[in-house]
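The values are calculated or read from the model by the stated rules, or taken from the named source; none is laboratory data. As the structure is a computational prediction, the values presented were derived from the model and not from experiment. Note: ideal-geometry Cβ built from the backbone for every residue, glycine included; neighbour counts use all protein chains shown. To get the accessible areas, we keep the full protein, side chains included, count just its heavy atoms, and leave off ligands, DNA and RNA. Shrake-Rupley method; radii C 1.70, N 1.55, O 1.52, S 1.80 Å.
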Amino acid sequence: MQIKKILISAQEIQNAISKAGNFINHINIHDNKPILLVSILKGAFIFLSDVCRTVTTPCEIGFMTAQSYFKNTYSSGHVEITMDLQQNIKNYHVVILEDIIDSGRTLSEIVKLLKTRNPISLHVITLLDKPERRVVDFKPDLALFEIQDKFVVGYGMDCGELYRNLPYIAELA
């Protein structure tokens with residue numbers, strides 16, 4: 001597969017990242033409780049890295065891995081948590097940073113799981129949102145870009161583990 005066209009440039013991404021940082025900076029303004037930024041691996045690691053550098057309030061970082069694509073370009077409909085958080089999140093404001101929300105199944109399941117652990121608050125920030133593909137009732141607290149139903153790569157997102165290193169988001173041919 002080849003790059004068909006660039007949909008969101010590296011500069012557009014960097015310009016939007018500060019919105020996520022500002023959102024996070026205001027989460028604990030009234031109680032000063034700790035913030036835990038959670039990256040859903042592997043796709044959101046670059047997004048987390050860039051966002052956490054714009055956060056001015058102290059925060060911790062955690063990682064989870066979930067699968068629903070299983071080497072396909074479409075969701076299987078089954079969500080499997082393959083790596084869970086190591087932290088007890090009971091006394092944290094938790095912010096999940098996701099690369100893309102498509103069907104919404106994965107994030108819906110992760111949010112359900114984390115809510116059972118009683119965080120102070122739980123928020124979802126996504127780089128990309130495809131609301132027309134949603135099959136569950138799920139809406140992020142903040143979406144930096146809304147895109148059409150296209151298979152995209154770059155900025156951490158892959159196709160068969162390739163293209164994660166691109167500094168922009170592109171559609172595959």
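At a glance:
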quantity: Count of residues meeting criterion [in a loop (DSSP other than H, G, I, E, B), open to solvent by 30 Å² or more (accessible area, probe 1.4 Å) and closer than 15 Å to Asn91 by Cβ] in region 104-125; calculated: 3
quantity: Filter result (outside any strand (DSSP E or B) and open to solvent by 20 Å² or more (accessible area, probe 1.4 Å)) within region 126-144; calculated: Pro131, Glu132, Arg133, Arg134, Val135, Val136, Asp137, Phe138, Lys139, Asp141
quantity: Qualifying residue in region 52-68 (condition: assigned to a loop (DSSP other than H, G, I, E, B) and at pLDDT below 90); calculated: yes
quantity: Residue pairs meeting the criteria (Cβ under 6 Å; at least 6 apart or on separate chains; first touching a residue at least 60 places away in the same chain (Cβ under 8 Å), in region 114-130; second open to solvent by 70 Å² or more (accessible area, probe 1.4 Å) and not in a strand (DSSP E or B)); calculated: Ile120/Lys33; His123/Asp141
quantity: Checking Arg164 against (1) open to solvent by less than 30 Å² (accessible area, probe 1.4 Å); (2) in contact (Cβ under 8 Å) with a residue 40 or more places away in the chain; (3) part of a loop (DSSP other than H, G, I, E, B), the condition it does not meet; calculated: (1)
